[in-house]
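One structure is given below, encoded as structure tokens.
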Amino acid sequence: MDGRLDGTERKQKSVVIQEGWPGYNLELFNYPEHYHGDIENVYIPHGVIMDRIESIARDILEDLGQHTLMVLCVLKGGYKFCADLVDSIKAQSRSTNCPLTVRVEFIRLKSYLNDRSTEDLHITGPDDLSVLRGKNVLIVEAIVGTGKTMMSLLKHVVTFQPKTIKVAGLLVKQGPNGAAMLPDYVGFVIPNHFVVGYALDYNEYFRDLDHICVISEKGKLKYKV
Ligand code: IMP
Ligand code: MG
């Protein structure tokens, strides 16, 4: 990536959640009844996610305004982040008179089984991403864990010869197994917990939860495959 900020600066430009953060008590928030007992806490409330996205959208507009932006949404986990980010970019582009044409493409990746990253990365998006050629591409991914997925995806995207590639990651995990790469735009740096909600899943469950939450041991057992 060719961002203006180096790794330390990018980390400073994100919200860093420390290892000891216990999250918010579940009783203080609304969440679907069917996940009762399956999550430990509300780790990042939906409203905070939305506020942070507004700020990332502003940074993107400052860096890439006046151009055409080709957003590459990484499914499935990235669908909410991508939709909310593009909405915010559009709204701010209108209100600041900073024109930016946004186009959106989708790619589907799968590498996790239960809460473990597997070597087996499946890209099942469109085979032909030649629409990216010569474009300013923004890859939008909900979470960068080990970074393996993003590294493979970057290799794949480069073959279509975009003009520039930037990456926006809502969450980046830190710690010994944490991210080997840091996106250009980072929402939150978090400790190495398995989190769900806001379209992030555990074996396809919890995408219908608005807040980002830490899954409980009971939840892991209940939805294990
Ligand atoms: P990585 O290859 O370890 O960086 O993993 C990236 C992918 O794994 C993401 O696209 C997610 O689909 C998934 N993933 C990693 N950590 C989590 C998590 O805490 N919750 C849900 N999905 C995760
Ligand atoms: Mg997943």
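The values are calculated or read from the model by the stated rules, or taken from the named source; none is laboratory data. Model, not experiment: these values are computed from the prediction. Please note: Cβ atoms are built from the backbone with ideal geometry, for glycine as well, and neighbour counts cover all protein chains shown. We work out accessible area using only protein heavy atoms, side chains counted, and drop any ligands, DNA or RNA first. Shrake-Rupley method; radii C 1.70, N 1.55, O 1.52, S 1.80 Å.
Residues in the range 70-85: is at least one farther than 20 Å from LEU200 by Cβ and surrounded by 15 or more Cβ atoms within 10 Å (Cβ to Cβ)? Yes, the conditions are met somewhere in the range 70-85. Restricting attention to the range 149-159, which residues are under 19 Å from the mean Cα position of the chain (by Cα) and open to solvent by 20 Å² or more (accessible area, probe 1.4 Å)? Scanning the range 149-159 gives THR149, MET151, SER152, LEU154, LYS155, HIS156.
Residues in the range 119-148 that are of a type in the set (Asp, Glu) and part of a loop (DSSP other than H, G, I, E, B) were compared, and the one that is most open to solvent (accessible area, probe 1.4 Å) is ASP127. Being of a type in the set (Val, Ile, Thr), in contact (Cβ under 8 Å) with a residue 24 or more places away in the chain and within 8 Å of ligand 1 (Cβ to nearest atom) holds for only one residue in ILE143, ILE123, ILE139, and it is ILE143. Which residues, counting only those in the range 176-199, are within 12 Å of ligand 2 (Cβ to nearest atom) and either open to solvent by 20 Å² or more (accessible area, probe 1.4 Å) or β-branched (Val, Ile, Thr) (or both)? Scanning the range 176-199 gives PHE194, VAL195, VAL196. Does LEU109 satisfy the criteria of being within 27 Å of ILE39 (Cα to Cα), part of a strand (DSSP E or B) and either modelled with pLDDT under 90 or away from ligand 2 (no atom under 16 Å from the Cβ) (or both)? Here the answer is yes, as LEU109 does meet what is asked. Of all the numbered requirements in (1) over 30 Å from LYS218 (Cβ atoms); (2) more than 16 Å from ligand 1 (Cβ to nearest atom); (3) not in a helix (DSSP H, G or I), ASN30 misses one, and that requirement is (1).
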